[in-house]
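Asker: The structure under discussion is supplied below as structure tokens; questions concerning it will follow.
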Amino acid sequence: MKRLISTLLLTVSIAAAALAQPQNNNQKGHGKPDFEKFQAEKVAFITNEVGLTAEEAEDFWPVFNEIEKQQRERMTAEKKAYIALNKALAEGQGDVAALLKSYLDAKAANTNLHAANVAKYQKILSIEKVAKLYTCEEKFRRQQIGKLGGGKGHGGPQGRKPRPEKSK
């Protein structure tokens, strides 16, 4: 019980500290994003949107963090495969067919990670909360893109700009 309370207090204090920062201060020194602040905002957002109870949160976050680590690794592999393919195309050298296959395999592995882990989440959460997890991750991603673009035309707080009408 003490561990649960400690975990919750730590999560809430990190989230509160992150949210108390000025809105435009999303970078820390030399133009690097503040990863800790981003993570705290994400934890608070997911906890709130999914409606995690204290008991669920205690079991959920270690699983979520491990899956996120796997996702980062797969995204890195996908990026490396993309760079190698792009370089081969630009230079006209290399086995483009093999590099394309490598890139597509890396991309598929990253995509399939989500489907493969639904069962892990269902051991902790109801299917409705698992579905909320996936939708709120997308909401959070769009919210962050909106912040980066100043909320203009990026699905941010002000939504999309209307397209100008074509004159006939």
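Asker: Quick check on the stretch 68-83: of everything there that is of a type in the set (A, V, I, L, M) and closer than 25 Å to Ala116 by Cβ, which residue is least open to solvent (accessible area, probe 1.4 Å)?
Answerer: Ala81
Asker: Just one of the numbered conditions (1) at pLDDT 90 or above; (2) within 21 Å of Val50 (Cα to Cα) is not true of Gly156; which one?
Answerer: Here Gly156 clears every test but (1).
Asker: Another question about this same structure. For Ala84, indicate whether it is touching a Gly at 6+ places or on another chain (Cβ under 7 Å) and assigned to a helix (DSSP H, G or I).
Answerer: no
Asker: Considering only the stretch 109-148, state which residues are aliphatic (A, V, I, L, M) and either free of Cβ contacts under 8 Å to residues at least 40 places away in the same chain or over 21 Å from Asn48 (Cβ atoms) (or both).
Answerer: Hits for the stretch 109-148 are Ala109, Leu113, Ala115, Ala116, Val118, Ala119, Ile127, Val130, Ala131, Ile145, Leu148.
Asker: Taking the condition acidic (Asp, Glu), modelled with pLDDT of 90 or more, under 15 Å from the mean Cα position of the chain (by Cα) and exposed (fewer than 12 other Cβ atoms within 10 Å of the Cβ), does Glu138 pass?
Answerer: The answer is yes for Glu138.
Asker: Among the candidates Ala115, Ala97, Ala108, which residue alone is at pLDDT 90 or above and either surrounded by fewer than 12 Cβ atoms within 10 Å (Cβ to Cβ) or not in a helix (DSSP H, G or I) (or both)?
Answerer: Result: Ala97 is the single residue among Ala115, Ala97, Ala108 that is at pLDDT 90 or above and either surrounded by fewer than 12 Cβ atoms within 10 Å (Cβ to Cβ) or not in a helix (DSSP H, G or I) (or both).
Asker: In this structure, is Lys132 open to solvent by 80 Å² or more (accessible area, probe 1.4 Å), within 25 Å of Gln39 (Cα to Cα) and in contact with a Gly (Cβ under 9 Å, 6 or more places away or on another chain)?
Answerer: Taking the combined requirement at face value, the residue satisfies it.
Asker: Also, I was wondering about something else. Quick check on my filter: what residues within the stretch 33-60 are surrounded by 15 or more Cβ atoms within 10 Å (Cβ to Cβ) and of a type in the set (Ser, Thr, Tyr)?
Answerer: If the condition is that a residue be surrounded by 15 or more Cβ atoms within 10 Å (Cβ to Cβ) and of a type in the set (Ser, Thr, Tyr), then Thr47 is the only one that fits.
The values are calculated or read from the model by the stated rules, or taken from the named source; none is laboratory data. All of these numbers come straight from a predicted model, not from anything done at the bench. Heads up, the Cβs are rebuilt from the backbone with ideal geometry, glycines too, and the neighbour counts pull from every protein chain shown. We work out accessible area using only protein heavy atoms, side chains counted, and drop any ligands, DNA or RNA first. Shrake-Rupley method; radii C 1.70, N 1.55, O 1.52, S 1.80 Å.
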